[in-house]
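Take a look at the structure below.
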Amino acid sequence: MDSVVLHSVSASSAASSSSTPSMAKRPCPSQNPRVENLSDVERLLDAFLSLSDLPSLALDLSFERLLQSVPSDPDLIDRALKMGSLLLDAAKHSSRKRASNHNSLAWPLPPDLTIKVFSMLDTQSLCYASATCSMFSKCAKDPLCYTNLDLTTLVPKVNNAVVATMIQRAGKALRSLKLGVVPGATTSLGSCPPFVCTIRNAIVEVSNFSWNDKRSRQGRESSILTRCCLSPLSGDGGAPGALLRKLHLYNIERMDNASLGAALSACPSLLDLEIVGLHVELRQTLMSVSANCHLIERLFFESSKTGRDDSLKAQTCFELVNNCPHLTSLSLRGFKLHDCKVRVLVKGFRKLKYVDFSTSYSITGNFLRNLGSCNGGNFLEVLILRDCMHLKEMEVARLLTAILAGDFKFLVHLDISNREGLASEADWYHRCYNSSIMPIKQVLETRPDMCVVAEYPSAEGSYMETFDADMNSEISLPSQLSSHTSDGSIFMSTSESSYNSDQGSGNEDGQDANYVIYEESSDEIDFLSL
């Protein structure tokens, strides 16, 4: 039937051509030297393609006469549509193949160097590059291109399927993984805002459309990360997580203690862990780190609920110190920490150089006594106690006096600022704004290499800078410790603040408080265009 249809179309076309003297006659296939070595199917296809120069009206008339001549074949139109679709797909495939061959010849780098270049791109740029041509797509699928995965976004548009796909492509080459929602940075210099944000606020501030609009556009919440988003780290016998060195997680609201613990158990080589805005307990997280991440060197953990997490136990502190002796940077922000436990941590880690307890509750500064002369605290280079609500004026004065006496010899950056002033010795409700008992000027004269940041509000409540020693100087901090996060970003706070809601005394030092890859959606196409 196909040959009959083709001959009928050819005959009708020939009749139409004879009635149009201006149209040139094309040689028949038997006279075309291009088809001498072709098979019968290829000859028919060549004859069919020879009709491409005919006017569309002539083809319409010919096809209509063909339908009238074979009324007993009701599927003729469907077969014609199917044939046209198949031919279109074949033409597109051949076009892409020829373009890829051209790119392979025109691109100056061999595949191994192309993969090396692609491995230096960020994850989203890699996806854009892979979408340009099949040659780049093939190179971009090499595991080395996924060594350092950065799947952080301003608004939720990465789901579990995207994370699973990227981790599977990286395999055992995975070394760094950043995941979650990171709001944009619009904070003033010297401030110390929390990194925590909620998905609702991130959408409203960055994208200027409501949460309900976002939810309706997403349909089945295809761009929301769940507690299972890190489960691929344990896949393939644990190969993806086995050599992972850096894990940064931001504002994944559905993450829980069990899921985070399971992910950390798959990462025995972890050196750098950063957790911001996850609804997980401090004690449970530190227990998981202590049990599984013995090589860790940097730990940054910010609470999702400032001042409400009082879960840390003294025994957990001892276990962390004993099991993770290589820790050099410790940041616990927004937790309810007691001086006795903080002292165990700071004094116990013998290599500790960077400490940040910003926005923490219950810390009075008592843990700093006689700390600068011991093996633990004496090696501190950076100490940040900004906006610690119960930090006492007298304890800060004792710290500065110890520095004048020669303790804390390696300390180069000290931040004792407080947006509500320091607590007085007798009553923490009474705030001190401009103390005469703190020898800050003497410290700056004795230690000119040190940066002391002491910013307090005035008695009237307006904010003012009391002391500021080279606040913008990069040499005041070691290069590897100069930022709150590994990439130097300071994120805008969108979380609720309970800074003024805690009615505790702050003097509770000795207390212990009881791989299936799913269908891509339009939202994640930026990250999964490979």
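Enumerate the calculated ³J(HN,Hα) couplings along the stretch 168-175 in order (Karplus 6.51 cos²θ - 1.76 cosθ + 1.60, θ = phi - 60°), each rounded to whole Hz, writing x wherever the residue is Gly or Pro.
Running phi through 6.51 cos²θ - 1.76 cosθ + 1.60 with θ = phi - 60° gives 5, 5, 6, x, 6, 7, 5, 10 Hz.
Accessible area, 1.4 Å probe, largest first: how do Met135, Met287, Met255 sort?
Met287, Met135, Met255
To the nearest whole percent, what portion of all C-alpha pairs in the stretch 253-395 is separated by more than 17 angstrom? Don't skip to the end; give the middle numbers.
Numbers: 5823 of 10153 pairs.
In whole percent, the long-distance tail amounts to 57.
So, in Å, what gap is there between the alpha-carbon centers of the stretch 388-440 and the stretch 279-298?
30
Can you pull the one-decimal nm distance between simple spin-label points at Ser52 and Arg431, each 7 Å off the Cα toward Cβ?
7.7
Between Ser125 and Arg308, what is the label-to-label distance in nm when each label sits 7 Å out along the Cα-to-Cβ direction?
4.0
So for the pair Cys340, Arg369, with labels modelled 7 Å out along Cα→Cβ, what separation do we get in nm?
1.3
If you average 1/r over every pair of different alpha-carbon atoms in the stretch 80-142 and take one over that average, what Kirkwood value in Å do you get?
Values: mean 1/r = 0.0766 Å⁻¹.
Kirkwood hydrodynamic radius for the stretch 80-142: 13.1 Å.
For the stretch 78-122 and the stretch 137-164, compute the distance between their C-alpha centroids and round to whole Å.
Their Cα centres are 22 Å away from one another.
Quick one: accessible surface of Thr306, probe radius 1.4 Å, all protein chains present, in square angstrom to the nearest 10.
20
Can you tell me the equivalent ellipsoid semi-axes for the stretch 115-163? Use √(5λ) from the Cα gyration tensor, largest first, whole Å. Provide the component values of the computation, followed by the final result.
Details: eigenvalues 77, 27, 19 Å².
Three semi-axes, in Å: 20, 12, 10.
Under 5 Å between amide H atoms, partner at least 5 residues away or on a different chain: which partners does Leu422 have, H built in plane at 1.01 Å?
Amide H neighbours of Leu422: Cys432.
Whole number please: convex hull volume per residue of the Cα set in the stretch 412-455, in Å³?
On the way: hull volume 3.1 nm³, N = 44.
Each residue corresponds to 71 Å³ of Cα convex hull volume.
What FRET efficiency do you get for Arg419 and Val117 if R0 is 51 Å and r is their Cβ-Cβ distance, rounded to the nearest 0.05?
The pair Arg419/Val117 has a calculated efficiency of 0.65.
What are the semi-axes of the equivalent ellipsoid for the stretch 319-443, taken as the square roots of 5 times the Cα gyration tensor eigenvalues, largest first, in whole Å?
Working: eigenvalues 106, 58, 26 Å².
Gyration-tensor ellipsoid for the stretch 319-443: 23, 17, 11 Å.
How much length would be gained if the chain were fully extended between His294 and Asp60, taking 0.36 nm per residue of separation minus their Cα-Cα distance, in nm to one decimal?
Working: separation 234, 0.36 × 234 = 84.24 nm, distance 7.55 nm.
Between His294 and Asp60, full extension yields an extra 76.7 nm.
So what are the radius of gyration and Dmax for the Cα set of the stretch 36-133, in Å?
21.7, 64
Can you give the accessible area of Tyr128, probe radius 1.4 Å, in Å² rounded to 10?
Its heavy atoms expose roughly 120 Å² to the probe.
From the protein chains alone at 1.4 Å, what is the descending order of accessible area for His390, His279, largest first?
Details: His390 5, His279 90 Å².
Solvent-accessible surface, decreasing: His279, His390.
Let's test this: bin the Cα-Cα distances of the stretch 284-358 at 10 Å from zero up to the farthest pair and state each bin's percent.
Whole-percent P(r) values from 0 Å outward: 20, 60, 20, 0.
For Thr147 and Asp78, what is the calculated FRET efficiency with R₀ set at 51 Å and r taken between the beta-carbons, to the nearest 0.05? All intermediate terms of the calculation are to be shown ahead of the outcome.
Details: r = 50 Å, r/R0 = 0.98.
E between Thr147 and Asp78, to the nearest 0.05, is 0.50.
Could you compute how much accessible surface Arg419 exposes when probed at 1.4 Å, giving the result in Å² to the nearest 10?
100
The values are calculated or read from the model by the stated rules, or taken from the named source; none is laboratory data. None of the values given here were measured: they were computed from a predicted structure. Cβ: placed from backbone, ideal geometry, glycine included. Neighbour counts: every protein chain shown. Ligands, DNA and RNA are excluded from the accessible area calculation, which covers all protein heavy atoms including side chains. Shrake-Rupley method; radii C 1.70, N 1.55, O 1.52, S 1.80 Å.
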